[in-house]
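In what follows, a structure is listed as structure tokens, so that the remarks can point back to it.
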Amino acid sequence: MTDILIEYSVLNELNGSLKQIIVELEKAEERATSLEGDIGDPYGRDTLREAAEEFEDGWDDRRAALKEDLMKIQERVEATGKGWAEWDAAAAKELAVEANEVDTMPRA
């Protein structure tokens, strides 16, 4: 089995990046609606606005599925980082040696 080394800082950065992506996906629908309103009907023609609306409608379901998948990944990344940090702290506590214990420890 191959050892894998992933630093806590990398997990934390990945977790933060995933959260930012999720927020951007949530805001995308609002921005698209705003964009459609901003486009309006220039020169009495609604072709561009309708094309933007059609594109947005097509992305709604895919965006929702992508967001859902990213949320699952983000939750796992966060749980992995938290779990390892808790284990690391507990292991360090178990392995800690008090100053007065040094004299009673077996020597090689």
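For helix 47-95, what angle does its Cα long axis make with the longest principal axis of the chain, in degrees from 0 to 90 and rounded to 10?
10
Kindly express, to the nearest 10 degrees and within the range 0 to 90, the angle between helix 8-39's C-alpha long axis and the longest C-alpha principal axis of the chain.
With both axes taken from Cα atoms, the answer is about 10 degrees.
When each pair of different Cα atoms in the chain is counted once in the 1/r mean, what is the Kirkwood radius in angstroms, to one decimal?
Numbers: mean 1/r = 0.0538 Å⁻¹.
That comes to 18.6 Å for the chain.
Across the chain, how many lysine pairs separated by 8 or more positions, or lying on different chains, have Cα atoms within less than 27 Å?
Total qualifying Lys-Lys pairs in the chain comes to 9.
Please name which of LEU25, GLY58, ALA92 has its Cα lying farthest along the dipole of the chain towards the positive end, using unit charges on Cβ (Lys, Arg +1; Asp, Glu -1) and the Cα centre as origin.
ALA92
Throughout, read-outs are computed from the coordinates displayed, never taken from laboratory work. Computed from a predicted model, the values in this text were never measured in an experiment. Heads up, the Cβs are rebuilt from the backbone with ideal geometry, glycines too, and the neighbour counts pull from every protein chain shown.
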